[in-house]
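The values are calculated or read from the model by the stated rules, or taken from the named source; none is laboratory data. Everything quoted here is computed from the prediction, not taken from an experiment. Every residue, glycine as well, gets a Cβ built from its backbone with ideal geometry; the counts of neighbours run over all protein chains shown.
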Amino acid sequence: MEKYDLIVIGAGPGGYEAALEAARGGMRTALVEAGEVGGTCLWRGCIPTKILLHTAELAKEARQGGPIGLEASDVRVDMAKLDAHKDETIRGMAQGIEGLLKRQKVDLYRGKGRVLGPGRVEVAGETSLELETKEILIAVGSTPAPLPVKGIGLEGVLSSDQILRDPRPYESLIIVGGGVIGMEFATLYGALGCRVTVLEALDSVLANLDREFGQSLRMILKKQGVEIHTSARLEEIRREGEELTCLYTEKGAPAQASAQAVLVAVGRRPNTEGLFASDWAPPMERGRIPADANGRTGLEGLWAIGDVTGGIQLAHAATAQGLNAVACMLGRAPGQRLDVVPSCVYTSPEIATVGLTADEAKKQGIPVQVKKQAMGGNGKTILTRQERSFLKVVTHGETGVILGAQLMCGRATDMIGEFSSAVANGLTLAQLAGVIRPHPTFNEAVWELARS
Ligand code: NAD
């Protein structure tokens, strides 16, 4: 029987990065994967959505290019070609990861990993085998949560996994759930010229972010013809001829909407079913494995990171948590700051946040000062014809230390890195004010805000 120092179950960005780090640190490491190396992020999440969004946004900009001398009003997206490009890109990236694993001598086992007991893992593939190890790291991720309503199994009712596997040029699409996935798909299909309707049960889209994001995005998408219904709870889906009809209640009153397809994006649930074969299992909460920032589950020799822990379901958080877990296994100090996790939404303009919002800080009794900078006067924002863009920075009312930032602007998802460093290192706005930003950039707005 093969013996390892570490067996990682799940080769997403949490698992494969942890495996590489462990191997670099001298641990004999195995990685068990039932599907494809790269996990949700590479095959059914971050990467495919951004590939599709890139083409869709280019097409939208080209269609609207008349006023800036771009004559391409009849631009069309060839979905079959775009899909093939997406698949080829993903396969190339997966091969890159496999190459890294080989180079670091991480043994990759293809099959479903199951924890048999302390230090014992089964790999159920074409033939099953058992492995032994000192440490087990669970990084099995999550899958789209099902919605218990009538008609959910109808053809054309899709999860984000399904729509990304086979993206089609729908003429109309209903999106159930106005969270991060829902709003990214509304942006994507809206840019592709599809008639999009969003049904969100809460009173705002992107409800767990700063309220101004949801309100601004709603106005921007409305201009593109995306219809957003809030306080709208899906009750049933029916097939009526070529179309699917969603019956829902909006602020309590019955309503309905029809489209060619329905995307259900109402959250994700951890992949823990059947993961533990014996009583040797951590206490779980609704399928998730609670773990701290370093992946400790409370069971000696068992670690868990990423979506399966049910905390922040973001690829970069999973990677950071995995690196910390491996550092602990190696007896080193964990180096990743899991208390400062930036979060991004790839809408247009992009949205990015880090740290505390003003409301969150106030709830914690922290005196705050909020500075907001509308970016209507920012050169790069004007010349790239961005929609309503702004930055908000929350500082400690007494010390001026930056506690959080909320951005909605061009390249917000890149710009948030600056604020992540600022929050993590306790920098003040005054310190940011004395650093030159290049011109013309979106980033100049940070300098303007800091000096205002
Ligand atoms: P979410 O929790 O962000 O949003 C789901 C939404 O569905 C909620 O607003 C909820 O109120 C709504 N909803 C639930 N039941 C409903 C019903 N019956 N009718 C109408 N609306 C209903 O979940 P998500 O958007 O599925 O995303 C899952 C996870 O994936 C999130 O944690 C997110 O952070 C992560 N993710 C991140 C990115 C990114 O970082 N860019 C992209 C995609 C997903």
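A few remarks follow.
- Filter result for the condition that a residue is outside any helix (DSSP H, G or I) and either within 30 Å of A18 (Cα to Cα) or more than 11 Å from the ligand (Cβ to nearest atom) (or both), over G153, G178: G153
- A single entry from A186, A201 fulfils the requirement of being closer than 24 Å to P144 by Cα and more than 10 Å from the ligand (Cβ to nearest atom): A186.
- Where strands (runs of 3 or more DSSP E) sit wholly within the range 338-391, those with at least 3 residues that are within 17 Å of the chain's Cα centre (by Cα) occupy 343-345, 350-355.
- E227 vs. criteria within 15 Å of the ligand (Cβ to nearest atom), within 26 Å of V77 (Cβ to Cβ) and either of a type in the set (D, E, K, R) or in the same structural domain as T55 (by TED's automatic domain parsing) (or both): yes
- With respect to the conditions (1) touching a Pro at 6+ places or on another chain (Cβ under 6 Å); (2) surrounded by 21 or more Cβ atoms within 10 Å (Cβ to Cβ), T353 lacks only one, and its number is (1).
- Residues that are touching a residue at least 40 places away in the same chain (Cβ under 8 Å), out of contact with any Leu (no Cβ under 9 Å at 6 or more places or on another chain) and in a helix (DSSP H, G or I) within the range 81-107 comprise just one, T89.
- Extreme residue, surrounded by the most Cβ atoms within 10 Å (Cβ to Cβ), among residues of the range 203-212 that are among the acidic types (D, E) and under 18 Å from E360 (Cα atoms): D210
- In the range 331-345, the residues that are away from the ligand (no atom under 16 Å from the Cβ) reach residues that are modelled with pLDDT under 95 with C-beta atoms within less than 9 angstrom, at least six apart or across chains, in these pairs: P334/A293; Q336/A293; R337/A293; D339/A293.
- Once the range 156-165 is narrowed to residues that are out of contact with any helix residue (DSSP H, G or I) (no Cβ under 6 Å at 6 or more places or on another chain) and in contact (Cβ under 8 Å) with a residue 24 or more places away in the chain, the residue that is nearest to the ligand (Cβ to nearest atom) is S159.
- For the range 2-24, residues that are small (G, A, S) and under 17 Å from G35 (Cα atoms) total 6.
- Boolean, C246 is within 25 Å of T55 (Cβ to Cβ), among the hydrophobic types (A, V, I, L, M, F, W, C) and touching an Asp or Glu at 6+ places or on another chain (Cβ under 8 Å): no
- Of the criteria (1) among the hydrophobic types (A, V, I, L, M, F, W, C); (2) touching a residue at least 24 places away in the same chain (Cβ under 8 Å); (3) farther than 30 Å from G335 by Cβ, which one A374 fails: (2)
- Complete set of residues in the range 298-319 that are over 18 Å from R269 (Cβ atoms) and of a type outside the set (G, A, S): L299, E300, L302, W303, H316, T319
- Residues of the range 259-278 classified as hydrophobic (A, V, I, L, M, F, W, C) and over 17 Å from S172 (Cβ atoms), total: 4
- The single condition among (1) more than 15 Å from the ligand (Cβ to nearest atom); (2) more than 16 Å from L244 (Cβ to Cβ) that R168 does not satisfy is (2).
- Residue match in the range 234-241 (condition: surrounded by fewer than 20 Cβ atoms within 10 Å (Cβ to Cβ) and either assigned to a loop (DSSP other than H, G, I, E, B) or at pLDDT below 95 (or both)): yes
- Here E2, E36, E21 are screened, and the one residue that is among the charged types (D, E, K, R) and surrounded by 20 or more Cβ atoms within 10 Å (Cβ to Cβ) is E21.
- For D307, the conditions (1) closer than 30 Å to V32 by Cα; (2) at pLDDT 95 or above; (3) over 23 Å from the mean Cα position of the chain (by Cα); (4) not β-branched (V, I, T) are fulfilled apart from (3).
- Restricting attention to the range 213-227, the residues being assigned to a helix (DSSP H, G or I) and either modelled with pLDDT under 95 or buried (at least 17 other Cβ atoms within 10 Å of the Cβ) (or both) number 8.
- At least 1 residues being buried (at least 20 other Cβ atoms within 10 Å of the Cβ), among the polar types (S, T, N, Q) and not assigned by TED's automatic domain parsing to the domain that holds R44 is the threshold, and among the strands (runs of 3 or more DSSP E) wholly inside the range 259-324 not one reaches it.
- One residue stands out in the range 30-80 among those that are of a type in the set (D, E, K, R) and assigned to a helix (DSSP H, G or I): the one that is farthest from E126 (Cα to Cα), namely R63.
- Which listed residue is more than 19 Å from the chain's Cα centre (by Cα) and more than 25 Å from A412 (Cβ to Cβ), from L221, L202, L244, L158: L244
- In the range 242-289, the residues that are hydrophobic (A, V, I, L, M, F, W, C) and either closer than 22 Å to D166 by Cβ or within 13 Å of the ligand (Cβ to nearest atom) (or both): L244, C246, L247, A255, A257, A259, A261, V262, L263, V264, A265, V266
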